[in-house]
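Visitor: Dropping the structure in here first, questions after.
The values are calculated or read from the model by the stated rules, or taken from the named source; none is laboratory data. Since we're looking at a predicted model, the values are computed, not measured. In this analysis, Cβ positions are derived from the backbone assuming ideal geometry, glycine residues included, and neighbour counts consider all displayed protein chains.
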Amino acid sequence: MVKDYLNIFGDNQIVLSETQLEQFNRYFELLVEWNEKINLTAITEKGMVYHKHFLDSLSLRNLIPSEGVTLLDVGSGAGFPSIPMKILYPNIKVTIIDALQKRINFLKILSDEINVEVELIHGRAEELKRNNSYNYVTARAVANLRVLSELCIPFVKVGGYFVSLKGPKYEQEIKECSKTFEVLGAEFEDTLKYQILNEEKTLLLIKKIKETSDKYPRKFNKIKNKPL
C-alpha cells in the first residue's frame, strides 16, 4: 500500500499529498520494471529505494525554494535528485542531461506516467550550449569533485549554487578544489549534513560569485586527465 510509505516521509517532516504519494509509488514501479532492461540502480527493495533514492534526493528541499527557480541535474541517471524534487515542488523548472539515450527514454516515460514536466537532454554536460544558466545545478554522480565542478559550475547563474551530494568523506576533495573554484568563478560556502538509515551524507554548497570563462567546461578527457 502507498500509505505504508507515508511514515518514511512523515518521520522526516515531509508532508505529501495523496497524489504525490501515488507519484512516488509509480516511480518505484517503473524503476524496478526498467531496471530489468537497463542498469538504473543496484537498489530495488522498496524500502531501500524510498530511503536511499527518494528521501536522499529530497535532502535538497531545505536549500531549494519551492517555486520560481531553475534546476539542472547533470548525469541524472534514473532521475535522482531532480525528479523527486519536482514531485515535491511542482513549480520548479527542471532540466536533466544524461549521456545514455536509454536512460533518457526511461525518464521520458517516467515523467509522462507520473505527470511531471521536465526538459530532457541527451548528451554530455561539456557539450551543452551555455546559452542557459540555472539557479541550481546538482550532481549525485560518484565522481571526484574537481571533475564535477568543471562540468557543473559553468552552468550556474551568478548568485546560484552547484550542489554536490556526497558521503561523509569530503574534506580532502574540498581542499583540492580551491584552485578549481577560483578558476570557475565560485567559492565553497557551506555543508549540510544528514543521515539516511544511519549513513552519513553531506550536501556541498558551492556558490557562483562571477561568470565562468567561455572555455569551460573543456572536453571530458581533458577534465579527467588534467583537472583544474
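Visitor: Suppose we filter the range 142-162 for residues that are of a type in the set (Ser, Thr, Tyr) and farther than 14 Å from VAL183 by Cβ; how many remain? If you could, list the steps in order and put the result at the bottom.
Guide: First, the residues of the range 142-162 that are of a type in the set (Ser, Thr, Tyr): 149, 161.
When the remaining residues are screened for being farther than 14 Å from VAL183 by Cβ, the result is 161.
Looking only at that region, the number is 1.
Visitor: Within the range 207-225, is even one residue of a type in the set (Phe, Trp, Tyr) and within 18 Å of the chain's Cα centre (by Cα)?
Guide: Let us first name the residues in the range 207-225 that are of a type in the set (Phe, Trp, Tyr), namely 216, 220.
Retained after the next criterion (residues that are within 18 Å of the chain's Cα centre (by Cα)): none.
No: the range 207-225 contains no residue that is of a type in the set (Phe, Trp, Tyr) and within 18 Å of the chain's Cα centre (by Cα).
Visitor: Could you identify the single residue in SER76, SER66 that is within 15 Å of TYR136 (Cα to Cα), crowded, with 21+ Cβ neighbours inside 10 Å and of a type in the set (Gly, Ala, Ser)? Lay out the reasoning, then the answer.
Guide: Numbers: SER66 fails: crowded, with 21+ Cβ neighbours inside 10 Å.
After applying the criteria, what remains is SER76.
Visitor: Filtering the range 156-170 down to residues that are in a loop (DSSP other than H, G, I, E, B) and not small (Gly, Ala, Ser), which residue is surrounded by the fewest Cβ atoms within 10 Å (Cβ to Cβ)? First the steps, then the outcome.
Guide: Within the range 156-170, the first condition is being in a loop (DSSP other than H, G, I, E, B), and the residues that meet it are 167-170.
Pick out the ones that are also not small (Gly, Ala, Ser) and you get 168-170.
Numbers: PRO168: 11, LYS169: 9, TYR170: 17.
So, considering only residues that are in a loop (DSSP other than H, G, I, E, B) and not small (Gly, Ala, Ser), the one surrounded by the fewest Cβ atoms within 10 Å (Cβ to Cβ) is LYS169.
Visitor: Name the pairs: first residue in the range 141-165 and within 14 Å of LEU203 (Cα to Cα) and in contact (Cβ under 8 Å) with a residue 24 or more places away in the chain, second residue assigned to a strand (DSSP E or B) and of a type in the set (D, E, K, R), Cβ to Cβ under 9 Å, at least 6 apart or on different chains?
Guide: Correct list of pairs: LEU145/LYS166; TYR161/GLU189; TYR161/LYS207; TYR161/LYS208; PHE162/LYS207; PHE162/LYS208; LEU165/LYS201.
Rundown of residues vs (1) over 19 Å from SER59 (Cβ atoms); (2) of a type in the set (S, T, N, Q); (3) part of a strand (DSSP E or B), yes/no style:
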position: LEU120; (1), (2), (3): yes, no, yes
position: GLN172; (1), (2), (3): yes, yes, no
position: ASP190; (1), (2), (3): no, no, yes
position: LEU204; (1), (2), (3): no, no, yes
position: LYS210; (1), (2), (3): yes, no, no
position: LYS215; (1), (2), (3): yes, no, no
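Visitor: Residue under question is THR202, and the condition is that it be among the β-branched types (Val, Ile, Thr) and either surrounded by 16 or more Cβ atoms within 10 Å (Cβ to Cβ) or out of contact with any strand residue (DSSP E or B) (no Cβ under 7 Å at 6 or more places or on another chain) (or both); does it hold?
Guide: yes
Visitor: Look through the range 109-118, keep the residues that are under 17 Å from the mean Cα position of the chain (by Cα) and in a helix (DSSP H, G or I), and return whichever of them is nearest to VAL158 (Cα to Cα).
Guide: SER111
Visitor: Separate question: Limited to the range 123-155, what total is found for residues that are assigned to a loop (DSSP other than H, G, I, E, B), over 21 Å from LEU107 (Cα atoms) and either in contact with a helix residue (DSSP H, G or I) (Cβ under 7 Å, 6 or more places away or on another chain) or among the β-branched types (Val, Ile, Thr) (or both)?
Guide: If we filter the range 123-155 for residues that are assigned to a loop (DSSP other than H, G, I, E, B), which is where we start, we get 123-124, 128-133, 140-144.
Cutting the leftovers down to over 21 Å from LEU107 (Cα atoms) gives us 129-133, 143-144.
Next cut, either in contact with a helix residue (DSSP H, G or I) (Cβ under 7 Å, 6 or more places away or on another chain) or among the β-branched types (Val, Ile, Thr) (or both) only: 130, 133, 144.
Final tally of qualifying residues: 3.
Visitor: I'd like the residue in the range 20-45 that is modelled with pLDDT under 95 and hydroxyl-bearing (Ser, Thr, Tyr) and, out of all such residues, is surrounded by the fewest Cβ atoms within 10 Å (Cβ to Cβ).
Guide: The residue in question is THR44.
Visitor: For residues that are in contact with a Phe, Trp or Tyr (Cβ under 8 Å, 6 or more places away or on another chain) and not aliphatic (A, V, I, L, M), tally how many sit in the range 122-137.
Guide: First, pick out the residues of the range 122-137 that are in contact with a Phe, Trp or Tyr (Cβ under 8 Å, 6 or more places away or on another chain): 124-126, 128, 130, 132-137.
Retained after the next criterion (residues that are not aliphatic (A, V, I, L, M)): 124, 126, 130, 132-136.
Adding up the residues that qualify gives 8.
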